[in-house]
Amino acid sequence: MTTPRRTLRRPLAPLAAPREPVDPARIGRRVVRRRAKGMDAGAVAAALEDARFDARQDSRHEDLADDVRGPAELAEWERIAQLLADAAPGTVYDPDTDDVVQAELAAEAAAAAAREAELREAARVAARADELQALRELGTLEQTEPRDGDEAGRGELTRRAGGYIQADVDAWLAHALAAHLGHYRDPAAREEAASLLMPPVLAHATLLAELARLVPGADMGQLAFAGRLATSEPEAAGALAAFLARVEETQV
């Protein structure tokens with residue numbers, strides 16, 4: 001007696017911490033702000049003159065022609081100098097009360113949160129793709145009701161397969177869409193599917209729905225031709241579904 005082999009799967013890699021994109025100009029501005037903190041208008045003016053001198057020196061070197069950090073530092077000194085010039089006498093620079101700095105920090109925090117959300121979503125899709133693959137291997141995919149986001153899981157399986165069509169997954173989704181199973185019970189989910197699924201899958205679902213109306217209780221195995229037609233000729237499948245809908249209307 002042989003023991004059935006199990007398909008080995010690599011465990012999901014842990015989520016990597018989002019890396020902040022390297023931006024020399026932003027680094028330069030941050031350096032200036034740290035140096036300028038606590039400076040009054042006179043000290044900032046002196047630092048600005050030094051920055052202008054450095055800029056003139058750098059302009060003589062061709063290898064610094066593409067440098068963005070230096071000009072960014074100079075521009076930041078100029079901005080801070082103007083900020084203090086417009087403030088009350090004796091005011092010292094404080095990044096914590098600088099509206100420009102606070103706006104930048106808020107934008108950076110929002111960008112970091114968006115990157116984290118993308119990582120979490122990618123991990124969720126990968127995990128669901130693993131589940132769908134396991135259901136395929138167990139032969140129970142057809143008995144499983146789809147969940148919200150399975151369209152992305154289908155896309156991940158296609159990516160892993162090098163772009164090959166996932167015929168069994170497409171047929172499963174088309175049947176679920178036609179029969180309003182799983183999350184497709186929600187009309188909003190069915191409407192959203194139009195932008196998430198490929199045209200052959202949508203044509204297959206539409207044709208299945210019309211055939212089911214004409215022949216209630218028809219076995220899915222009897223309607224396998226609908227999937228083949230939708231895969232090879234999605235426009236023809238859609239046209240046939242529309243024609244069948246007209247036939248049904250004339251019989252009412």
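Some observations on this one:
- Matching residues in the stretch 91-118 - criterion: being within 17 Å of R33 (Cα to Cα), under 37 Å from the mean Cα position of the chain (by Cα) and open to solvent by 70 Å² or more (accessible area, probe 1.4 Å): D96, T97, D99, Q102, L105
- The residue that is nearest to F225 (Cα to Cα), counting only those in the stretch 159-172 that are part of a helix (DSSP H, G or I), open to solvent by 20 Å² or more (accessible area, probe 1.4 Å) and not charged (D, E, K, R), is A171.
- Any chance A25 is modelled with pLDDT of 95 or more and either on the phi < 0 side of the Ramachandran plot or surrounded by 13 or more Cβ atoms within 10 Å (Cβ to Cβ) (or both): no
- Restricting the stretch 73-90 to residues that are of a type in the set (D, E) and over 38 Å from the mean Cα position of the chain (by Cα), the residue that is most open to solvent (accessible area, probe 1.4 Å) is D86.
- Only a single item in (1) closer than 21 Å to I27 by Cα; (2) at pLDDT below 95; (3) open to solvent by less than 60 Å² (accessible area, probe 1.4 Å); (4) among the acidic types (D, E) is not met by D66, and it is number (3).
- Screening the candidates D94, D148 for the property of being in contact with a helix residue (DSSP H, G or I) (Cβ under 7 Å, 6 or more places away or on another chain), touching a residue at least 40 places away in the same chain (Cβ under 8 Å) and of a type in the set (D, E) yields one hit, D148.
- Residue satisfying condition, being farther than 30 Å from V31 by Cα, of a type in the set (A, V, I, L, M) and without any contact (Cβ under 8 Å) to a residue 12 or more places away in the chain, within set A88, A122: A122
- G139 satisfies every condition listed in (1) surrounded by 14 or more Cβ atoms within 10 Å (Cβ to Cβ); (2) over 16 Å from V201 (Cβ atoms) except (1).
- Exactly one residue out of A193, A224, A205 is of a type in the set (G, A, S), open to solvent by 40 Å² or more (accessible area, probe 1.4 Å) and within 22 Å of Q143 (Cβ to Cβ), and it is A224.
- Residue check for V31: under 27 Å from A111 (Cα atoms), modelled with pLDDT of 95 or more and in a helix (DSSP H, G or I): yes
- A230 being among the aliphatic types (A, V, I, L, M), modelled with pLDDT of 75 or more, closer than 20 Å to R190 by Cα and surrounded by 15 or more Cβ atoms within 10 Å (Cβ to Cβ): yes
The values are calculated or read from the model by the stated rules, or taken from the named source; none is laboratory data. Computed from a predicted structure; not experimentally measured. Positions of Cβ are backbone-derived with ideal geometry, glycine not excepted, and every protein chain shown enters the neighbour counts. Ligands, DNA and RNA are excluded from the accessible area calculation, which covers all protein heavy atoms including side chains. Shrake-Rupley method; radii C 1.70, N 1.55, O 1.52, S 1.80 Å.
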